[in-house]
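Below is one structure, written out as structure tokens; comments come after it.
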Amino acid sequence: MKHARATKPPVRADAGTAREWSPGRFLEEFPLYRVVDEEGRLLEGAELEIGEAELLALYRWMVLGRALDERMVTLQRQGRIGFYIGAIGEEATVFGAVAALQPQDWIFPSYREHGAAFMRGLPLTTFMANLFGNAGDIVQGRQMPCHETWAPGHFVSISSPIATQVTQAVGAAWAARIQGDDMVPIAFFGDGSTSAHDFHTGLNFAAVMKVPVIFACRNNGWAISTPSASQTISETMAQKAIGYGMRGERVDGNDLVAVWTATRRARQRAAAGEGPTLLELVTYRMEGHSTSDDPRAYRPAEVVEPWKRKDPIKRVQKLLTARGLLDEAGDAALRDEVRLQIQVALKEAEAFPPKAPVESLFEDVYAEPGWAQREQLAELKAAMAADPRVANPRHIEG
Ligand SMILES: Cc1ncc(C[n+]2csc(CCOP(=O)(O)OP(=O)(O)O)c2C)c(N)n1
Ligand SMILES: [Mg+2]
């Protein structure tokens, strides 16, 4: 039997123009979702879905996050720690998103989300011990400083290679779905990370397999010295979701309540089998990339000015004050309490021996040390017995 000849699909005369790009189109398609304005007022028609007690608790977390970042930068400038990377101005993206999750949800952080680990129970002292890389550090000085891990709170170890956590979160979500677990992981990453291949791999796979995961892109305007306008010519990060076939939303990342509400909805959809969401949390990196960076080399101070008025902490402070949940004296007491908490933790962290015992080098390679580790440990012990300076190689001369 003869097959009918394939006919070419008709070509539309206006092909290529039907969805033509026009400036501002995606800004309209992805309006910035906000609940509270810069003066701490609820936007018209908006509802406060978050409870007042939780709002107050989150305010305290944000104040703690800011005070800690400031203190740790000072510590680095004093030469007491080698490196720090904080989230000044981006607090709402972290605390708002994590508060909207369930405790069983795994967090796949980038490198600014220390606050997420604290909310999940990482003691401040343990965090600081990692900054010192001393004996109190749970990874025993083997990670970069400021790269904490907290498995008890379902917080995956921070790792510097950008966007790798996107695919890892997708894998965890896929496994949870196969096992029938109610677990929706969140992957945090920056605007710069959307240019890395793991972003594409992760989002494509998640959409195709409809896995329950939340992608939280903290668009803070910068990838070290590269402004987001040079990173991509997309008007928004949220619109990238269209290409993958998933829901994308642009959220005011300096509005704690908006971040919380959008993340909660994304979680509900994921848990209901509706697949992943890409949240673009629009915020601003108020300080340098890390203590190794000086933004004065590439960014005029004036560009930061407008963002000072959008401070996420001040906004919640105003909202709480307007609702009678916070007054000046209460705020001052809360700030004193936070300062003291940091001071006490710092004292405890500095009191640990300066480094983990040298024998610990052979731990954590395998669950149980193999023959090679046992042999090497015995060799090291013999060498240390012969010359105690072996345990502290810096002091061996020659
Ligand atoms: C795979 C990889 N490439 C490059 C780097 C170097 N690097 C470290 S941070 C960074 C910028 C990331 O910017 P963004 O994703 O916007 O996150 P932000 O620092 O703004 O939170 C780059 C390029 C890296 N860590 N990993
Ligand atoms: Mg960035």
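Numbers below:
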{"quantity": "Residue count for region 71-103, restricted to those that are in a loop (DSSP other than H, G, I, E, B), over 19 Å from Ala262 (Cβ atoms) and more than 14 Å from ligand 1 (Cβ to nearest atom)", "calculated": "6"}
{"quantity": "Test: Glu348 is part of a helix (DSSP H, G or I), loosely packed, with under 15 Cβ neighbours inside 10 Å and modelled with pLDDT of 95 or more", "calculated": "no"}
{"quantity": "The listed residue being more than 30 Å from Val63 (Cβ to Cβ) and assigned to a helix (DSSP H, G or I), out of Leu361, Leu340", "calculated": "Leu361"}
{"quantity": "Pro145 vs. criteria out of contact with any strand residue (DSSP E or B) (no Cβ under 6 Å at 6 or more places or on another chain), free of Cβ contacts under 8 Å to residues at least 24 places away in the same chain and within 16 Å of ligand 1 (Cβ to nearest atom)", "calculated": "no"}
{"quantity": "Conditions (1) in contact (Cβ under 8 Å) with a residue 12 or more places away in the chain; (2) outside any helix (DSSP H, G or I): number failed by Gly324", "calculated": "(1)"}
{"quantity": "Residue that is farther than 30 Å from Ala176 by Cα and more than 16 Å from ligand 2 (Cβ to nearest atom), where the choices are Arg296, Arg285, Arg267", "calculated": "Arg296"}
{"quantity": "Scope region 193-221; condition under 16 Å from the mean Cα position of the chain (by Cα) and closer than 25 Å to Glu28 by Cβ; matching residues", "calculated": "Thr194, Phe199, Ile214, Phe215, Ala216, Cys217, Arg218, Asn219, Asn220, Gly221"}
{"quantity": "Members of region 25-49 that are exposed (fewer than 14 other Cβ atoms within 10 Å of the Cβ) and in contact with a Phe, Trp or Tyr (Cβ under 9 Å, 6 or more places away or on another chain)", "calculated": "Glu49"}
{"quantity": "Filter result (in contact (Cβ under 8 Å) with a residue 12 or more places away in the chain, farther than 21 Å from Glu363 by Cβ and surrounded by fewer than 17 Cβ atoms within 10 Å (Cβ to Cβ)) within region 154-173", "calculated": "Ser160"}
{"quantity": "Residue list for region 368-391, restricted to those being within 14 Å of Val358 (Cβ to Cβ), part of a helix (DSSP H, G or I) and among the acidic types (Asp, Glu)", "calculated": "Glu379"}
{"quantity": "From Val304, Val316, Val257, residue being β-branched (Val, Ile, Thr), within 15 Å of ligand 1 (Cβ to nearest atom) and either more than 23 Å from Ala46 (Cα to Cα) or crowded, with 20+ Cβ neighbours inside 10 Å (or both)", "calculated": "Val304"}
{"quantity": "From the options Ala53, Ala97, Ala13, Ala117, residue that is at pLDDT below 95 and among the hydrophobic types (A, V, I, L, M, F, W, C)", "calculated": "Ala13"}
{"quantity": "Whichever residue in region 189-230 is among the aromatic types (Phe, Trp, Tyr) and within 11 Å of ligand 2 (Cβ to nearest atom) and, among such residues, is farthest from Pro306 (Cα to Cα)", "calculated": "Phe189"}
{"quantity": "Residue within region 176-188 that is within 13 Å of ligand 1 (Cβ to nearest atom), touching a strand residue (DSSP E or B) at 6+ places or on another chain (Cβ under 7 Å) and assigned by TED's automatic domain parsing to the domain that holds Asp293 present", "calculated": "yes"}
{"quantity": "Residue that is farthest from Tyr284 (Cα to Cα), among those in region 203-230 that are part of a strand (DSSP E or B) and within 8 Å of ligand 1 (Cβ to nearest atom)", "calculated": "Thr226"}
{"quantity": "Test: residue in region 115-135 that is part of a helix (DSSP H, G or I), surrounded by 23 or more Cβ atoms within 10 Å (Cβ to Cβ) and of a type in the set (Phe, Trp, Tyr)", "calculated": "yes"}
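The values are calculated or read from the model by the stated rules, or taken from the named source; none is laboratory data. Computed from a predicted structure; not experimentally measured. Cβ coordinates were reconstructed from backbone atoms using ideal geometry, including for glycine residues, and neighbour counts include every protein chain displayed.
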